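Q: This structure is in structure tokens; I'll ask about it shortly.
The values are calculated or read from the model by the stated rules, or taken from the named source; none is laboratory data. Given the structure is predicted, the values throughout are model-derived calculations rather than measurements. No Cβ is skipped: glycine too gets one built from the backbone with ideal geometry, and neighbour counts run over all protein chains shown. The area values use the complete protein model at the heavy-atom level, side chains included, leaving out ligands, DNA and RNA. Shrake-Rupley method; radii C 1.70, N 1.55, O 1.52, S 1.80 Å.
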Amino acid sequence: MKRFLFMSLVVGCMTAAAQDNGEQQGLEKSVTLDEVTVKAARTVQRIDGLRIYPSKQQIEASSNGYSLLAKLSLPHIRVDEAMSSITALTNQGAVQVRINDVVASRDDLLTLDMQGIDHIEFIDNPGIRYGKDIAYIINIKVKKAVSGYVIGSQLTNTLTTVNGSESLFGKVNHGRSEFALNYSLDYHHFNGLAYEAKSSYHLENGDVMTMNRRSVSSRNMNLSHLAQLTYSLSDSSYVLQVKLKGNTDIRPQRSEATMLFNGIPYEDHTSSRNSSPSLDIYYHQDFLQHQSLTANVVGTSIKTKGEEINNEGNDYRYSTNGQTYSLWSEAIYENRLKPFTLSTGLQITQRYSHNVYQGDAEAENNMHTSDAYLFSQLKGNLGQLSYMGGLGVSRRYYRQADTQQHFWLFRPKMTVSYPLTNSLKLKYDFEISQHTSQIALVSDVRIKMNSMETILGNPEIHPNRMTSHQLLLSYSTPRFTSELQGYYRINSHCNLEKYIRKDGHFYQTQTNADNECSFFYFESYNQWDIIPDKLTGTIYGGIYRFYNIGEDYTHTYTSFNGGCSLQAYLNRWTLGAYADNGWNFMEGEHRGHQAPAWYFTASYRMSDTLTLSLFAQHPFSQHPLTNKTEVVSRYVQKEITQRCRDYGNMLTLKLSWRLNHGRKYRDIQRTMNHSDQETGILSK
């Protein structure tokens, strides 16, 4: 009888794991019951992406959130652990990282409590509740700490150049309360920046003027710090958090270069100083067992001062003094009914920017913008068919001087997913959304880029409609995951680049008119546990095709984008290798070539509290490429190449120390960070 009861318990655990919202199983996760180990899903296919349960080896080998995400090798994502950055390797939008559903800052990831991590949701098909231009959501689910404390520091320093980030943090939990304090200091001083531009200008009289610009010496430097104070009060049914954050430049961010223009030397200097305090208040309440209400209010102030000097041909200099105030608020109601989950909410944004340009770019901009976004979404299952659908409606208002605009924007979205077999799943997604240009691009300011070119803001730019289709075929076994994806996007009346020629000078601006920008790609992503819990390999790649149809031009471009990685777990050692060819794309009259990346990592866990890591970035390269751009206008052709000597053979050492005492966990902990970062200042 005891043996029967024990076997029933094991079967019940396996069945519950397999029936997690009807989601498909992938890689394995171990759950220990006495002497018996039950294998459950480590990667679960969802209607909007993946749910990933990190292995014990991955968590123990990770010193912070960036370290863990780098080991997961997420599709279309580049995680640079040494530089604490996350990049989307597609042209679909940005990556937004969240902790328990709320946007997380860099310091939140650096101080993430690794032992409290439950699972990670990788959303490659964000629902309509998320913000504009967001292509991927990484949502880290963390258990709620109810007692004890954690203190620690992370000291990251590059051995081959002046570059580093030092951070200190502490959290104390007592009952329902948590107090957290973070401080970080960032600095860099890069020399050996190489800039070269070969340009051809077609004048009105038919002549072609050729110009070469290159740097003789240049450097870029910055010294800044950030402090963050958080208080959280939570129980099993509610969470209240208040976060106060402030960051400022201790010294101005400076970029200095001595240039040669057709053999004639000139100076190009840029200097800016920013400060930005923000207050974030978040509240979440569960009630009636299956309903919840979430409210979030964020106030942000951004102050910017800057100066730019360029004396190519003649002296040109101007200064900026900007102030931006914004208030962002959100309220979401969710009802988890048996056949489906209903989510509905409202987001409201108010922003005011006052930017003064003095000197050769004299202008004063007062910009008022407001957005109100109402959305509703259903998510559920009909037998084996999973679905998610909804509609978002927004009203945008913009006012600057005599220009006033208001728009009604609609965002319908539908996703369906169906398992063809136990290991094979087919998913289709359709969405119509709107893209709104950055505030700086809709200002009426003009900034001189060089003796031949000026960039113009355009207050008459309208939001444009984007229509996308995505078809995904995924195959998953306990040790192998593969995805084959096709994606197609049409941007109608989009904001495309346009060069205007007048009196021997060339003006770069953006217009809507009858423009169309579209692209499609076919890509394959594959991950294999070569040796379970010891060695994992990932390889991905795809063909991309871009179409740009402007008022008076048509440009097309085909590129290949791909990469690979390896992760090895050898007791206290963790070894990794990563490489990709960057991101090659075309938009408007620009062909962009994001720099390729390749690096090796080695981490040694000296004790439960101390980890030492070494990063070798761009080895065997003296002057790696940092950016390459081509302009293919009928009036202007340019090829711009930027390299950095200090990025070559870069060695970075990181020391992570963390001390825990008396930590116990319950439920899910929430943090927040939704501060504004858009200043509205136009720059070259």
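Q: What does the charge dipole of the stretch 76-191 about its Cα centre add up to, to the nearest 20 debye, if the Cβ of each Lys and Arg holds +1 and the Cβ of each Asp and Glu holds -1?
A: 320
Q: Using Cα-Cα distances under 8 Å and only pairs 6 or more residues apart, what relative contact order does the stretch 441-560 have, in percent?
A: 21
Q: Under a crude label model (7 Å from the Cα following the beta-carbon direction), how far is M452 from E267 in nanometres?
A: 2.5
Q: Which lysines have a Cα less than 16 Å from the Cα of K303, not counting those fewer than 8 places away in the same chain?
A: Output for K303: K245.
Q: While we're looking at this one, here's another question. What dipole magnitude, in Debye to the nearest 20, does the chain give about its Cα centre under +1 on Lys/Arg Cβ and -1 on Asp/Glu Cβ?
A: Once rounded to the nearest 20, the dipole reads 1940 debye.
Q: Counting other C-beta atoms within 10 Å, and keeping those with at most 14, which DSSP coil GluC sites (Glu not before Pro) do you find in the stretch 160-247?
A: Sites meeting the loop and neighbour criteria: E204.
Q: Further, regarding this structure: Restricting everything to alpha-carbon atoms, can you work out Rg to Rh for the stretch 69-130 with a Kirkwood hydrodynamic radius?
A: 0.93
Q: As a test of understanding, state the convex hull volume per residue of the stretch 152-279 from its alpha carbons, in Å³.
A: About 179 Å³ per residue, rounded to a whole number.
Q: Turning to a different aspect of this structure: Tell me the GluC sites (Glu not before Pro) within the stretch 289-393 that lie in a loop according to DSSP and have at most 14 other beta-carbon atoms within 10 Å.
A: Loop-located and lightly packed - E362.
Q: How tilted is helix 2-18 with respect to the longest principal axis of the chain? Cα atoms for both, answer in degrees (0 to 90, nearest 10).
A: 20
Q: While we're looking at this one, here's another question. Work out, step by step, the length gained on full extension between Y183 and I348: first 0.36 nm times the residue separation, then minus their alpha carbon distance; give nm to one decimal.
A: 56.4 nm
Q: Still on this model: Okay, helix-only estimate at 222 nm for the chain: each DSSP H run of n ≥ 4 adds -39500 (n - 2.57), divide by all residues, round to 500 deg cm²/dmol; what do you get?
A: Value at 222 nm, helices only: -1500 deg cm²/dmol.
Q: Accessible area per residue for the chain in Å², computed with a 1.4 Å probe and the full protein assembly in place, what is it?
A: Counting only protein heavy atoms, the per-residue value for the chain is 45 Å².
Q: Ok, one more. Taking each pair of distinct Cα atoms in the stretch 185-224 once, what is the resulting Kirkwood hydrodynamic radius in Å?
A: 13.0
Q: Among K141/K243; K502/K628; K144/K425; K171/K664; K56/K664, which pairs are too far apart, with a Cα-Cα distance over 23 Å?
A: Check vs 23 Å cut-off fails for K502/K628; K144/K425.
Q: Can I ask one more? Quick check: Cα centre of the stretch 287-332 to Cα centre of the stretch 574-599, how many Å?
A: For the stretch 287-332 versus the stretch 574-599, the Cα centre distance is 28 Å.
Q: Normalised by the residues of the chain, what does the relative contact order come to in percent, with Cα pairs under 8 Å and at least six apart?
A: Taking the mean separation of contacting Cα pairs over the length of the chain, I get 13 percent.
Q: Work out how much length S236 to M414 would gain on full extension: take 0.36 nm times their residue separation and subtract the Cα-Cα distance, in nm to one decimal.
A: Fully extending the segment from S236 to M414 adds 60.8 nm.
Q: For the residue pair L327 and H623, what label-to-label distance in nm results when each label sits 7 Å from Cα along the Cα-to-beta-carbon direction?
A: With each label placed 7 Å out from Cα toward Cβ, I get 5.3 nm.
Q: How big is the chain in terms of Cα radius of gyration and Dmax, in angstroms?
A: Rg, Dmax (Cα atoms, Å): 26.1, 98.
Q: Quick one: with all protein chains in place, what share of the accessible area of the chain is carbon or sulfur, to the nearest percent (1.4 Å probe)?
A: Reported share for carbon and sulfur atoms: 57 percent.
Q: FRET efficiency for N314 and L614, Cβ-Cβ distance as r, R0 = 41 Å, nearest 0.05?
A: Efficiency, from the Cβ-Cβ distance: 0.25.
Q: For the stretch 363-407 and the stretch 92-118, what is the separation of their C-alpha centers, rounded to whole Å?
A: 25
Q: Moving on. At a Cα cut-off below 17 Å, give the lysines reachable from K654, other chains included and same-chain residues fewer than 8 away excluded.
A: In chain and number order, the partners are K71.
Q: Contour minus end-to-end for A401 and C564, with contour as 0.36 nm per residue of separation and end-to-end as the Cα-Cα distance?
A: Here the answer is 53.6 nm.
Q: Quick one: check the C-alpha center-to-center distance for the stretch 477-542 versus the stretch 41-56, whole angstrom.
A: 24
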